[in-house]
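Asker: Handing you this structure, nothing more for now.
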Amino acid sequence: APDITSICKDASAGIRNKDQAVRTLKCCPPSLGKPIKDFVFPTDKKVRMRWPAQAGTKEQVDKYRAAIQAMRDLPEDHPHSFVNQAKIHCAYCNGGYTQVDSGFPDIDIQIHNSWLFFPFHRWYLYFYERILGKLIKDPDFALPFWKWDEPAGMPIPEMFVPETIDGKPNSLYDVYRNADHIKDRIVDLDYDGKDKDIPDKQQVLCNLSTVYRDLVRNGGDTLSFFGGVYVAGDDPVGNGDPSVGSVEAGSHTAVHRWVGDSKQPNGEDMGNFYSAGYDPAFYIHHTNVDRMWKLWKDLRLPGHVDPTEKDWLDASYVFYDENEDLVRVYNRDSVSLDKLKYNYIENSKEVFPWRKSRP
Ligand code: C2O
């Protein structure tokens with residue numbers, strides 16, 4: 001894990017047009033001079049049930065909007081502020097930290113393109129959800145997920161689209177998005193930078209095959225699904241490297257590129273690691289990516305098992321928790337949703353609508 005408060009540098013990796021970046025490259029977390037605590041599992045009585053964003057009740061949507069607004073209203077230097085939450089991604093992904101703790105001060109930490117991808121983002125959302133709940137004093141608060149693996153969930157959820165709601169800014173809106181895509185709404189899970197311009201019906205079928213490809217065909221064993229081994233002393237690997245996991249390389253990256261504004265110098269916001277966290281859509285995309293990890297295991301196919309290597313189990317990260325304490329978390333503690341006290345509401349009739357969509 002990085003020593004996040006003492007050694008952190010400006011983001012510089014993977015940002016092609018640094019001089020024109022629309023967001024700051026100073027991504028280090030605020031230092032409150034606190035010691036790092038060990039993580040303890042939550043003792044919540046209820047399980048937080050994450051809900052499909054396209055099917056939220058008015059109450060759920062209002063609450064979610066209010067929570068994000070509360071986060072935006074915090075002073076910027078607060079560890080829970082909207083900007084500081086966004087910067088977490090930038091620091092861990094664009095070279096904010098080095099592997100100094102493991103004896104490699106000249107090598108950056110990169111939590112993408114390898115088997116750190118799923119656990120890091122699970123922890124990131126875990127704390128994000130609890131922080132939002134605390135801000136609106138709702139101990140059961142649960143995040144929505146952008147359910148792009150079923151036809152009804154493929155359009156970008158309506159609540160993210162309008163710029164204002166009843167004359168006030170919509171806290172879920174982000175100005176740096178591809179306006180054409182947002183207008184057409186149906187995501188392309190295989191987007192590679194070019195629009196396919198195919199009828200919606202066909203796009204839906206394509207998307208189902210992409211999910212099948214990422215969870216079944218290309219994700220048949222632990223490392224193909226999670227991504228390759230990445231341990232202390234390894235240089236960060238790049239996008240397009242064969243060791244990137246099936247979902248990360250596939251639907252995950254496609255959605256980032258599809259939402260981001262290709263007219264911005266670095267595809268901001270969603271199209272670059274350093275800026276992705278500034279779009280509220282990032283977090284509902286990643287809840288669904290996190291859910292793919294769960295569904296992949298629920299398929300119960302041979303080979304669909306979590307990594308057991310010590311290097312994976314012992315890898316760790318540091319986050320500010322909902323009490324503004326610095327907490328160290330390990331991959332080993334990320335595997336059980338029961339212990340983390342959250343889960344996903346599933347469609348009781350059809351959990352795998354893409355199951356027969358073999359490409
Ligand atoms: Cu950390 Cu979707 O990227």
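Asker: Counting only residues that are over 21 Å from PRO157 (Cα atoms) and in contact with a helix residue (DSSP H, G or I) (Cβ under 6 Å, 6 or more places away or on another chain), which one in the stretch 249-273 is farthest from the ligand (Cβ to nearest atom)?
Answerer: Here the residue is PRO265.
Asker: For residues that are over 14 Å from ASP214 (Cα atoms) and away from the ligand (no atom under 14 Å from the Cβ), tally how many sit in the stretch 274-300.
Answerer: Count: 2.
Asker: Does ARG291 satisfy the criteria of being among the charged types (D, E, K, R) and surrounded by 20 or more Cβ atoms within 10 Å (Cβ to Cβ)?
Answerer: Here the answer is yes, as ARG291 does meet what is asked.
Asker: For the structure I just gave you, tell me whether ALA86 is within 13 Å of the ligand (Cβ to nearest atom), among the aliphatic types (A, V, I, L, M), at pLDDT 90 or above and crowded, with 20+ Cβ neighbours inside 10 Å.
Answerer: Yes: the conditions hold for ALA86.
Asker: Can I ask one more? Taking the residues in the stretch 319-336 that are in contact (Cβ under 8 Å) with a residue 60 or more places away in the chain and in a helix (DSSP H, G or I) as candidates, determine which candidate is surrounded by the fewest Cβ atoms within 10 Å (Cβ to Cβ).
Answerer: Out of the qualifying residues, it is ASP333.
Asker: Something else: If a residue has to be away from the ligand (no atom under 11 Å from the Cβ) and assigned to a loop (DSSP other than H, G, I, E, B) to count, how many in the stretch 111-125 make the cut?
Answerer: 2
Asker: Just to be sure before I move on: is GLY245 among the small types (Gly, Ala, Ser), within 16 Å of the ligand (Cβ to nearest atom) and at pLDDT below 95 in the structure I sent?
Answerer: Considered against the rule, which asks whether it is among the small types (Gly, Ala, Ser), within 16 Å of the ligand (Cβ to nearest atom) and at pLDDT below 95, GLY245 comes out as no.
Asker: Find the residue count for the stretch 207-248, including only residues that are among the small types (Gly, Ala, Ser) and free of Cβ contacts under 8 Å to residues at least 24 places away in the same chain.
Answerer: 2
Asker: Another question about this same structure. Does the stretch 184-204 include one or more residues that are touching a residue at least 60 places away in the same chain (Cβ under 8 Å) and in contact with an Asp or Glu (Cβ under 6 Å, 6 or more places away or on another chain)?
Answerer: Looking through the stretch 184-204, none of the residues is touching a residue at least 60 places away in the same chain (Cβ under 8 Å) and in contact with an Asp or Glu (Cβ under 6 Å, 6 or more places away or on another chain).
Asker: Counting only residues that are under 28 Å from LEU74 (Cβ atoms) and either assigned to a loop (DSSP other than H, G, I, E, B) or at pLDDT 95 or above (or both), how many does the stretch 307-318 have?
Answerer: 0
Asker: Then there's this: Of the conditions (1) outside any helix (DSSP H, G or I); (2) buried (at least 17 other Cβ atoms within 10 Å of the Cβ), PRO105 satisfies every one except a single condition; which number is it?
Answerer: Of the numbered conditions (1) outside any helix (DSSP H, G or I); (2) buried (at least 17 other Cβ atoms within 10 Å of the Cβ), the odd one out for PRO105 is (2).
Asker: I've got another one for you. Give THR222, THR164 a once-over and let me know the one that is under 22 Å from the mean Cα position of the chain (by Cα) and β-branched (Val, Ile, Thr).
Answerer: Answer to the selection: THR222.
Asker: Looking at the stretch 289-306, can you tell me whether even one residue there is at pLDDT 95 or above, charged (D, E, K, R), in a loop (DSSP other than H, G, I, E, B) and closer than 26 Å to ALA13 by Cβ?
Answerer: no
Asker: Then there's this: ARG213 fails exactly one of the following numbered conditions: (1) closer than 19 Å to ARG355 by Cα; (2) touching a Phe, Trp or Tyr at 6+ places or on another chain (Cβ under 8 Å); (3) assigned to a helix (DSSP H, G or I). What is the number of that condition?
Answerer: Here ARG213 meets the rest and fails (2).
Asker: Filter the stretch 89-102 down to residues that are over 13 Å from ALA276 (Cα atoms), part of a helix (DSSP H, G or I) and within 14 Å of the ligand (Cβ to nearest atom), then give me how many there are.
Answerer: Residues meeting the conditions: 0.
Asker: Kindly establish whether LEU132 is under 25 Å from MET71 (Cα atoms), out of contact with any Leu (no Cβ under 9 Å at 6 or more places or on another chain) and more than 16 Å from the ligand (Cβ to nearest atom).
Answerer: no
Asker: Would you confirm, using the coordinates I've provided, whether ARG23 is part of a loop (DSSP other than H, G, I, E, B), touching a residue at least 60 places away in the same chain (Cβ under 8 Å) and in contact with a helix residue (DSSP H, G or I) (Cβ under 6 Å, 6 or more places away or on another chain)?
Answerer: yes
The values are calculated or read from the model by the stated rules, or taken from the named source; none is laboratory data. Small disclaimer: the values here were computed from a predicted structure and weren't measured. Cβ: placed from backbone, ideal geometry, glycine included. Neighbour counts: every protein chain shown.
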